[in-house]
Each structure stands twice: as structure tokens, then as C-alpha cells.
Amino acid sequence: KTLIVFYSTGCPHCQSMIPRLSEITRGTGQGVLAVLAVSLDESRDVWLEFIKANRLTWVNVIDTRGWSGRAASDYCIYATPTMILLDGEKKIIGKPLTIEELQKLL
């Protein structure tokens, strides 16, 4: 399974959710869940510091155009955090709103 998570370092919900998500993914077996974290931050330095501070080892990318960028518009992101869970065929199997909902889908 693959989890795509859209977030922003300035988002209070993201600040609490991302570290919890990192703990959960470390607890799942190797190859069970891949994570692609897409930041909508406009500051690359702030984003890099957040990754370092939270020891995020999954794939991290940033759209420095933030809410005006293609990541937000192409995926119709209107709030952060937004999670999209994909199966092995890359089909959407869930859009969990909380860590608890994600855990049920896993």
C-alpha cells in the first residue's frame, strides 16, 4: 500500500499528525506501507528543518508554490493534512481523516 499525505509545516494538525504517522510507519513491516509526503510549504528551509526535526525517512517532496502550486490544484487539496491511501495497483482505497481511520484501513 502507498499513503500520499499532503501537509504544511505551519498547519497545527499536521504538526501533531506527521510525527505520529512516522511512528506508525516505522512499526509496520518493511514494504508494507510506502509514504509519499507532499509539502505545500513555500519555504524550502522550513520544510527541510521539519523533516530533520521529525526524522522523516519516507519520500519527501515539496511544491514551493504552496496553495498556488500544481500539487494542490491537480489533486484538489483544500485542507491539510489530506491523506490518500492506495492499494498495490495504485487504486484509491481510502481517504482517512485521522490516524485511527488510517490504522483501520491498514
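The values are calculated or read from the model by the stated rules, or taken from the named source; none is laboratory data. A quick note: this is a predicted structure, and the numbers were derived from the prediction, not measured. Here the Cβ is made from the backbone with ideal geometry for all residues, glycine too, and neighbour counts use every protein chain on show. Calculation scope for accessible area: heavy atoms of the full protein, side chains included, ligands and nucleic acids excluded. Shrake-Rupley method; radii C 1.70, N 1.55, O 1.52, S 1.80 Å.
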>> When you scan region 31-40, do you find a residue that is part of a helix (DSSP H, G or I) and either open to solvent by 100 Å² or more (accessible area, probe 1.4 Å) or among the polar types (S, T, N, Q) (or both), even just one?
In response: no
>> Let me spell it out: the conditions are (1) over 11 Å from the mean Cα position of the chain (by Cα); (2) touching a residue at least 40 places away in the same chain (Cβ under 8 Å), and residue 14 meets all of them except one. Which number is the exception?
In response: (1)
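Picking from 104, 52, which residue would you name as being at pLDDT 95 or above, exposed (fewer than 15 other Cβ atoms within 10 Å of the Cβ) and assigned to a helix (DSSP H, G or I)?
The conditions single out 52.
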> Going by the conditions given, is residue 94 more than 22 Å from residue 2 (Cα to Cα), of a type outside the set (Asp, Glu) and buried (at least 16 other Cβ atoms within 10 Å of the Cβ)?
Replying inline: no
> Can you tell me which residues in region 56-77 are over 14 Å from the mean Cα position of the chain (by Cα) and in a loop (DSSP other than H, G, I, E, B)?
Replying inline: 64, 65, 69, 76
> When you go through (1) modelled with pLDDT under 95; (2) closer than 13 Å to residue 5 by Cα one by one for residue 60, which number turns out not to apply?
Replying inline: (1)
